[in-house]
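Chemist: Structure provided below as structure tokens; questions to follow.
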Amino acid sequence: MSRHRRTFLLLALGLVRLAFPPRAAAYLDPGTGSYLFQVLIAVGLGALYIVKTYWGRIKEFLGRRHHRGDE
Amino acid sequence: MSGSPAGGIHAASFRDPSGFVFTRDEVLYRQVNQAYRQHLDLLLSSGLYERLVETGQLIPHEVVDVPPPQPERAYRILKPEPVRFVSYPYEWCFGQLKDAALTTLAIQSAALEHGMSLKDASAYNVQFHRGRPILIDTLSFEAYREGQPWVAYRQFCQHFLAPLALMAHTDVRLGQLLRVYLDGIPLDLASRLLPGRTRLNPGLAMHVHLHARAQQSSTGRRARSGPSSGMGRTALLGLIDSLRSAVEKLTWDPQATPWSDYYQECSYSSQALEHKQQLVRQYLEAIHPRTVWDLGANTGTFSHTATGLGAFAVAFDSDPGAVETCYRACRDARDANLMPLLLDLTNPSPGLGWELAERASFLDRGPADTVLALALVHHLAIANNSPLARIAAFLAKLGDSLIIEWVPRSDPQVQRMLTTREDIFDEYTREAFERAFSRHFRITCHSEVEDTGRILYAMHRPDDSV
């Protein structure tokens with residue numbers, strides 16, 4: 001299994017697990033959960049950010065070419 | 001500012017080992033401790049401080065030579081530029097909280113570019129200064145370590161994202177939950193209160209709903225430290241971008257609130273309104289106040305009269321729609337001297353937090369030079385059953401001088417209030433009003449507002465030398 005597929009599978013399993021949480025202890029510091037959750041969603045958000053940034057650059061490049069074509 | 005324990009140290013300034021705020025001779029200073037030395041030096045040498053001050057996102061400070069209250073721990077004493085009126089998130093309208101959230105995220109993005117990160121994302125670290133949100137806690141930054149997640153992620157979601165989502169999707173009045181939960185709205189509570197459709201909104205599904213579940217489901221687990229459990233810089237930028245996008249998509253428009261059409265529906269003709277404005281201006285010119293608190297300000301019509309004369313005005317109103325409208329107008333006009341705030345005068349902000357001193361009460365933040373109480377007295381006396389004597393005593397605590405409008409029983413607004421209730425207000429007469437207010441103020445002038453039967457008074461507290 002490639003590294004990317006493994007990461008995707010782990011992420012998917014993690015999110016599915018979150019959808020069915022066990023009963024929580026009220027005294028638990030929510031900071032720990034936030035920390036783990038952040039690390040869990042990090043891969044996806046990082047990938048999305050890269051796609052968004054490149055997509056922005058492609059749009060900018062095409063826009064510039066289109067603008068030049070108009071002149 | 002609220003009470004000062006030993007050495008003038010501010011009562012809210014005890015959590016952060018990096019330093020604290022103190023007051024000496026009525027001037028506010030910040031002691032930076034040796035423990036924070038490396039981070040303060042990096043803030044200044046990395047160019048981050050200069051950049052954020054230039055963009056108006058961080059309060060400027062001077063390094064001063066003042067004896068520190070705790071010399072054994074001190075590294076530097078800073079003198080921050082003073083903020084004219086300290087306000088709290090539960091007094092902000094939707095737009096103010098949203099702008100404060102976006103400013104916090106913009107600061108975090110800038111910090112990452114300069115090798116630093118925000119260690120706090122508390123809404124209480126943001127104030128409105130010259131009309132714009134600004135970070136006032138210079139000690140909120142720490143050196144960024146590669147692989148480190150955003151330690152303030154949970155705080156950002158609780159202080160900003162959850163209340164904004166509740167205000168936008170459930171009810172704008174839920175912003176008041178911030179008054180109960182000083183460390184932000186618990187995410188499991190926000191998740192329960194939000195409508196089901198918000199689970200289909202990617203930003204809210206992730207940062208509120210799943211985040212809340214993650215907090216509950218991590219029972220017994222411990223976060224591992226070190227790069228193996230960390231997140232890279234790109235992932236961190238992705239997280240900030242995702243939060244920004246979630247906040248930007250949240251909107252709330254002040255359409256149908258009880259007071260949104262006040263000036264259209266109320267008993268004023270345009271001529272009477274103009275005359276009232278002229279009288280208020282004339283009285284303000286005579287008093288020449290530096291600070292004005294406009295109580296029941298609606299969208300701030302008369303606060304603008306005060307700022308037009310060079311005063312700094314705080315426009316208080318209990319209607320979220322009116323405050324939102326006023327804030328948007330001020331923001332668009334880049335009005336630096338008017339601060340609209342949400343406040344119910346019948347239940348104003350109390351002292352809150354540890355020893356009731358972390359967040360100052362409404363009264364503790366006064367008095368103002370002048371209080372405007374226009375078209376207000378009948379709401380307090382009739383809608384809230386407050387005796388005139390109590391209203392006078394309360395207003396005397398708020399300001400050194402007072403411009404107040406007497407609304408007689410014959411006024412259509414008062415008559416409307418009395419249609420659905422028994423008239424038990426025998427004491428509601430002009431004579432009783434003057435008698436009650438004369439116990440606390442010296443009435444210096446009064447005039448009738450044309451065509452209304454209403455009387456505008458200017459009064460001064462006897463110890464006020466105007």
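The values are calculated or read from the model by the stated rules, or taken from the named source; none is laboratory data. Bear in mind that the values here come from a model prediction, so they are computed numbers and not experimental data. For neighbour counting, all protein chains shown are included, and Cβ atoms are generated from backbone atoms with ideal geometry for every residue, glycine included. Accessible surface is based on the protein model in full, side chains and every heavy atom, while ligands, DNA and RNA are left aside. Shrake-Rupley method; radii C 1.70, N 1.55, O 1.52, S 1.80 Å.
Chemist: Interface B/A, total buried accessible area with a 1.4 Å probe, nearest 100 Å²?
Modeler: 2600 Å²
Chemist: Give me the distance in nm between label points sitting 7 Å out from Cα along the Cα-to-Cβ direction at A:ILE50 and B:ASP332, one decimal.
Modeler: Spacing of the two 7 Å Cα→Cβ label points: 4.3 nm.
Chemist: OK, next. Counting only other chains, what is the mean number of Cβ atoms within 10 angstrom of the Cβ of each residue in peptide B:230-243?
Modeler: 6
Chemist: What is the average number of partner chain Cβ atoms found within 10 Å of a Cβ in B:203-215?
Modeler: 5
Chemist: Estimate the FRET efficiency between B:ARG290 and B:VAL64 by the formula 1/(1 + (r/R0)^6), using the beta-carbon distance for r and 25 Å for R0, to the nearest 0.05.
Modeler: E(calc), rounded to 0.05, equals 0.55.
Chemist: Moving to a separate point now. Sorted by packing (mean other beta-carbon atoms within 10 Å per residue), highest first, where do B:310-318, B:161-169, B:231-239 land?
Modeler: B:161-169, B:310-318, B:231-239
Chemist: Taking the Cβ-Cβ separation of A:HIS67 and B:SER245 as r and a Förster radius of 22 Å, what is the calculated FRET efficiency to the nearest 0.05?
Modeler: Efficiency, rounded to the nearest 0.05: 0.25.
Chemist: Sticking with the crude label model, points 7 Å out along Cα→Cβ, report the distance from B:ARG409 to B:LEU356 in nm, one decimal please.
Modeler: 3.8 nm
Chemist: Assuming R0 = 22 Å, what is the FRET efficiency of B:ALA74 and B:THR23, from their Cβ-Cβ distance, to the nearest 0.05?
Modeler: Once the sixth-power term is evaluated, E becomes 0.85.
Chemist: For peptide A:46-52, what's the mean number of Cβ atoms from other chains within 10 Å of each residue's Cβ?
Modeler: Mean shielding by partner chains, rounded to a whole number: 5.
Chemist: For B:VAL83 and B:ASP423, compute 0.36 nm times the residue count separating them, minus their Cα-Cα distance, and round to one decimal in nm.
Modeler: 117.9 nm
Chemist: Quick check: with the 1.4 Å probe, what order do B:VAL86, B:VAL63 take by accessible area, largest first?
Modeler: Ranked list, largest accessible area first: B:VAL63, B:VAL86.
Chemist: What is the set of long-range amide H partners of B:PHE22 at a cut-off below 5 Å, with H atoms built 1.01 Å from backbone N?
Modeler: Distant-sequence amide H within range of B:PHE22: B:HIS10, B:TYR29, B:ARG30, B:GLN31.
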